[in-house]
Amino acid sequence: MTEEELTRHQRAAETKRRRTKEAIINGALELYEGLDLGDFTRDEIAEAAGVGSATLHKNFGGKYEVLKLAHERLLQPIIEPIFEGFKADTYHPKDGVDELLRFLYRVTKTCRDNRALTNALIRAYYETPPDQRRDLIIGVGYKQLEGRLDTLLGGYIAQGLRIVLDRAPFAAGELFGESFFAGGGWNSGIRGEATWEISRNLLEHLYHLTGGEEDVPVKVTRKIANNIVDRYAKDVPIVELGDRLDRIRAQVDAQDRTDG
C-alpha cells in the first residue's frame, strides 16, 4: 500500500470513527430525551445507536464517557458562544454578577429540563471504578489536571465558568492565581480547581434537590451564586442577588419561549 493509499485509508477510518461516535451520542440523547426519571444500560444505548456493545466500548470506554458528551451537547448553546467570544476578545459582559447569574441559571435550567440524563451522568461518574476516576487518581495534585479537566464531572461547565468569573468583581483574591486551562502551560487566571468544585457541586445539588421543575433551577442558582459572591466578591451585597436573579430568570425564560 502506497503512502497516498495509506493516508486515504486513515482518513476513511477516522471518518467512520467520527460517524460511529456521533451515532452513539445521538442514540443516548434520543433515549433520554424528555425523561424526568429513568436510566439505560450501556447495551441499551448501543442498541439505540445501531451498534454493538463492543463498538461502544471501543469508541468511548464506558457509559460515563458517552453520557458526558451527550450532556455537553445540550450545554453547547450556552458555553460555546462564551468560548468563541473569549477567543475573539468580544466577550465583555457589562455586569459580571448579572452574567454569573445568567450563566448559572441557564446551565441549571438546561440540566433540570434534561433531568434523567443529568442524573444518569452523575451516577455513571461515581460508579466508575476508582482506578479510572481522574479526581481520585490525581488527588490533591491539581497541576496534574492540566488538559484533563474535560474528563471530570462538571468539567465542561467549569471551563465556561472560568471565563465568566475571570473579570470584575471576581477576578481577584483567593479565586485568582495559577490556572491549568492554558494549553501552553500555567498562566495567571481563575483557579481551575475552584471552578471545577463549584460546577461539580452545582450538579450534585441538582441531583439531590427535589421540587417543582421551575423552582429547582432557581434554588440551585441562588445557592451557588450566594456562595461565590460571599467568598470571592465580598463587596457585592448578597441581599441584591434575589432581585437580580428574578430579573435574569424572566429574561432567560422569555427568550427560551421565543426560541422554542
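No lab work stands behind these numbers, since they all come straight from the coordinates. The shown structure was predicted, so the numbers you read here are calculated from the model rather than taken from an experiment. Heads up, the Cβs are rebuilt from the backbone with ideal geometry, glycines too, and the neighbour counts pull from every protein chain shown.
Miscellaneous remarks
- Lone qualifier among Glu14, Glu30, Glu65 - being farther than 15 Å from Thr118 by Cα and part of a helix (DSSP H, G or I): Glu14
- Filter result for Ile24 (surrounded by 11 or more Cβ atoms within 10 Å (Cβ to Cβ), touching a Lys or Arg at 6+ places or on another chain (Cβ under 6 Å), part of a helix (DSSP H, G or I) and not small (Gly, Ala, Ser)): no
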